[in-house]
Amino acid sequence: MEAAFDWKRTFEQLAPQLVLYARQLVDSKADAEDVVQQAFVRWWRRFPEGDSSHIPLLYAAVRTIALDQRRSDHRRVNREAKSDIAVTGEDAPAFDPQPEQKETAAIVEKALQALPEDQREVVTLKLWGDLTFNEIAAMTGTSINTIAGRYRYALQALQKKLGHLRADLLGEPTSSPVNILPFSPPHTEALS
Amino acid sequence: MNNDLNEHELENLLRGLAPAAASPALRQRVDEELKLDMSWLSTSRRKPQHAPRWIVSAGWAAMGAAAAIAVMSQLPQQSGTGAAHALASASTVLPASTIREWDDSTGSGIHHGRSRQVEKHALVISRELGTWVDPLYSAQTTAEIPSRQQLLLPVSFRQ
């Protein structure tokens, strides 16, 4: 029964990123989890070894199911009526930040939501899904140049929105450096 | 001083944010759905075959040969039931059949050999098809081993 536990380990590793990606494509976390459930079960039955080389196919399954689900949202209404996951709410945070990252996470989430969907999708797959441009291009049926372009535009847009966080996040000084000498340097005016 | 994040810093910042965990209910639902159809469990023990077919065939052939040798070496020392036990425990791969097919043969005519005997040389091109089965997985494999043999056939005439 060792394999029965393998899916749990793989699921624990991949589920947060998968849900984050699905959330870029559907309206709520509840919908996203519904999509991830279907995609993961389908993928695991096909590849029960959990081979990492098949992970792009899992993201592709999430994408296909999410796009299908978007077309028929009546299923969501039925599911939420009989499931407790609806309590997670539409505005459940997308990230699980450390205490010092909470403010940043909220800003990032807002900035991500402001991006066009195709850019948001590429950023999510690249940064949190760890997929290559090649893999993203294959799963979305788009050229690699288009994918790289979307990623670049997305980063530029995010840079504009998050640039002011640099000092807070990276500890870079924004004003003149603090004088750590035990005494003030001599004034040149006094010597002249 | 430029306070904007450069691309690398921005990527690090974003990657540093961990996506929110999936709800326990999701994991439970996946668990229930996978339990509904456990057929994937039987396939999970199979490894994907990336090796070329000839390596797989040769591997099976080698395993079959090893199993056959192991079984045969046990047979003289064991009683009837002991031999059966050895057969079952020696290996999960068992030889099932061996077929030799002649593809071509050419003869060089009848002539006298060194010992003054009448003989005929023949070249036989054949294939040996060995089949091994693995009862544990209900698996079966067939290895094809080509061969070219020079045969020396004695010839006799009616007096």
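With a Förster radius of 45 Å applied to the C-beta separation of B:Leu136 and A:Glu103, the computed FRET efficiency comes to 0.15. Legend: residue pairs A:Lys126/A:Lys161; A:Lys126/B:Lys35; A:Lys102/B:Lys35; A:Lys8/A:Lys126; A:Lys8/A:Lys160, Cα-Cα distance threshold 30 Å; pairs beyond threshold, A:Lys126/B:Lys35; A:Lys102/B:Lys35; A:Lys8/A:Lys160.
Put simply, when B:117-126, A:57-66 are sorted by average Cβ atoms within 10 angstrom per residue, most first, you get A:57-66, B:117-126. Taking label points 7 Å from Cα along the Cα-to-Cβ direction, A:Gln13 and B:Asp31 give a separation of 2.0 nm.
If only the Cβ of Lys and Arg carry +1 and only the Cβ of Asp and Glu carry -1, the dipole of region A:97-170 around its Cα centre is close to 280 debye.
Within 10 Å of the Cβ of each residue in A:116-126, the mean number of Cβ atoms contributed by other protein chains is 1.
For region A:11-66, what class follows from the C-alpha gyration tensor (a ≥ b ≥ c being the square roots of its eigenvalues): rounded when a/c is under 1.5, otherwise prolate if a/b is larger than b/c, else oblate? Judged from the Cα gyration tensor, region A:11-66 comes out prolate (a/c at least 1.5, a/b above b/c).
Here, each number is a calculation from the coordinates, and none is a lab measurement. Predicted model only: the values in this text are computed from it and were never measured. Glycine gets a Cβ as well: all are built from the backbone with ideal geometry, and neighbour counts include every protein chain shown.
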